[in-house]
Amino acid sequence: MANALTAATPPGSTGRNKTNNEAWLDFWAARPLPILQSTKAALTGYVGKSEAARTDDVVDLVLRDPLLTAHALRHINQRRRSSMTADVVSLENVILLMGLESFVKKFTALPTVESVLLPAHQARYFSLLRHIATARLAAKLAREFGVLRYDARLDEIYVTALLADLPVMLRHIDVGMNEPVPPVELASVMLPLFARWRLPEVFNALLDDTVASNQRSMLHQTALRLAEHLQLGWWQAGIADEVHRAGHALGIEQYTVWEIICRTLLHFARNDWPYPQIFPPARWLPMIAGDWPKPQVKTEKAETKPAEASRPTVQDILRELQHAGQSGASFNQIMGLTIRAHSDGIGLKRIVFGLLLAGQNALKTRYIVGAAENDPLRTFHIDLSAPHIFTKLMLKPQSIWINATNRGQFESLLPRGLRQAIGQGEFLAMSLFVENKPVGIFYADNRGEPVTESQYNAFKQVCLMAGQSLTRQAKRLELGS
């Protein structure tokens, strides 16, 4: 919806806008970004206390403020680096590279939004808070969709959504700056801004609507549009189309998508809404037509049934696994969560992790679940000196699903003796890499029963997340943290 900040460009002003855009980009090229006062106050609490601080707590704090997130990523990605240095996307990696104490000291020195806009520009300030809240809601929705499609790089999805409205946020701030800010055409400046700041290229890929045919990008942009529409009510034109689009892409019913949206809105309003000046979009939900819940009548205490409902979902364990990697969990803890995800979350019947014995060039059982005492998988031992499908898997992180469709193609490539150990059914296998080094192979099956495609997709996602968590752990050990 057009307003004073987003009004359409007059005809014939394209050349002038190009000049204005360049001047605006120059203005913000290296200028410190103001951050929210609440962010600065909370971050200041870590000054001199970095040894007792948890990195993931600081990351959560920074991700509540898109302006600080953008400033930190701009700072770290503009550092001098070699051609082999990768873009830094996650705030956790920014802290690892800078050190927590240095991170806190540097960014608590930034000015605040409140000092720039208040008391003279309250309307701009409240409007900026609405945009920040919308960005955070969009990031949460994008992450929920990413989890459902087993996206291995949730940090990319979350941070890109958080920064998608960054030019508009900066435009809100310019009225309070000490010197005049050049005019800008907001519709055409976002991608050049990210490029000028050397932010990761994946941000542009996710935000560029010319590649929206890509499912990842399309779902990401759907989350952005939903967050914008939901600020004005669930009945807004376009919401039904976005829900349908998300359901089709994710392979789930539309009512399931809507349940995810409602759950996210309510959680955001109840637990994570620090903006008393503006109303959360969840305020509209009571207006949805439907029956009032009937009052419950107190009855005698019923016999409790086994906790079927307490069984964790894949998404629950993935979040737990991601948190384990961020909070310094041990190798055994991360592997335990991974095995649990395969068994309890995905529902696979037999799971084995074969650890690479580097000195022997072989795989040997380290963890096993679901196998009887006399199961040959308990003595799982595969020689890697001979070429076969498992030696191929150990070349890079990759997976395979042996099933009735491809069995004829791959059966002759299986390691000697594997079929005698596992039987004749379908199975899954995927290599585990930590810091680009092979560690072992996950094996899973359903004890002779078919494996579903959803199980295979979830299996790959869990294995990838395990590798990422173990890599974070290894980096911490290298840094001595």
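Every read-out reported here was derived from the displayed coordinates using simple, explicitly stated rules and does not represent laboratory data. Note that the structure is predicted; figures quoted are calculated from it, not measured. Glycine gets a Cβ as well: all are built from the backbone with ideal geometry, and neighbour counts include every protein chain shown.
Loop by DSSP (not H, G, I, E, B), at most 14 other beta-carbon atoms within 10 Å: where is the longest site-free stretch of the chain for GluC sites (Glu not before Pro)?
Working: sites that count: Glu51, Glu253, Glu300, Glu303, Glu308, Glu373, Glu435.
Answer from the scan: 52-252.
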> If you place +1 on the Cβ of every Lys and Arg and -1 on the Cβ of every Asp and Glu, how big does the dipole about the Cα centre of the chain come out, in debye to the nearest 20?
Replying inline: 720 debye
> So, how do all the Cα-to-Cα distances of the chain break down into 20 Å bins, in percent, from 0 on up?
Replying inline: 20, 49, 27, 4, 0
> From the phi of every residue in the stretch 151-157, what ³J(HN,Hα) in whole Hz does the Karplus formula 6.51 cos²θ - 1.76 cosθ + 1.60 yield, where θ is phi - 60° and glycine or proline is x?
Replying inline: 5, 7, 10, 5, 4, 4, 5
> Out of residues 5 or more away from Ile252 or on other chains, whose amide H comes under 5 Å of its own, with H placed 1.01 Å from N in the peptide plane?
Replying inline: none
> Looking at the stretch 153-197, which trypsin sites (Lys or Arg not before Pro) are DSSP coil and have at most 16 other C-beta atoms within 10 Å of their C-beta?
Replying inline: Arg153
> What does the helix-only formula give at 222 nm for the chain: each DSSP H stretch with n ≥ 4 adding -39500 (n - 2.57), the total divided by the residues, and the result rounded to the nearest 500 deg cm²/dmol?
Replying inline: -14500 deg cm²/dmol
> Mind listing the phi-derived Karplus ³J(HN,Hα) values for the stretch 337-348, rounded to whole Hz, using 6.51, -1.76 and 1.60 with θ = phi - 60°, and x for any glycine or proline?
Replying inline: 5, 5, 4, 5, 4, 4, 7, 7, x, 8, x, 6
> Which ³J(HN,Hα) values, rounded to whole Hz and listed in residue order, are derived for the stretch 459-469 from phi using the Karplus coefficients 6.51, -1.76 and 1.60 in 6.51 cos²θ - 1.76 cosθ + 1.60 with θ = phi - 60°, glycine and proline given as x?
Replying inline: 4, 4, 4, 5, 5, 5, 5, 4, x, 5, 5
>> Among Leu226, Val257, Leu91, whose Cα projects farthest towards the positive end of the dipole of the chain, with charges put on the beta-carbon of Lys, Arg (+1) and Asp, Glu (-1)?
In response: Leu91
> Dipole of the stretch 317-479 (Lys/Arg Cβ +1, Asp/Glu Cβ -1, origin at the Cα centre): which of Ile389, Gln420, His342 lies farthest to the positive side?
Replying inline: Ile389
>> Quick check: Cα centre of the stretch 45-79 to Cα centre of the stretch 175-214, how many Å?
In response: 22 Å
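When only Cα pairs under 8 Å and 6 or more residues apart are kept, what is the percent relative contact order across the chain? Could you put the intermediate results ahead of the total?
Numbers: 616 pairs, mean separation 59.1, N = 481.
That works out to 12 percent.
Just list whichever of Lys349/Lys396; Lys49/Lys460; Lys140/Lys475; Lys140/Lys364 have alpha carbons separated by over 31 Å in the model shown.
Pairs exceeding 31 Å: Lys49/Lys460; Lys140/Lys364.
Using the C-alpha gyration tensor of the stretch 15-285, what are the square roots of 5 times its eigenvalues, in whole angstrom, with the largest one first? Kindly include the intermediate steps, with their values, before the conclusion.
Working: eigenvalues 157, 96, 89 Å².
Equivalent-ellipsoid dimensions as semi-axes: 28, 22, 21 Å.
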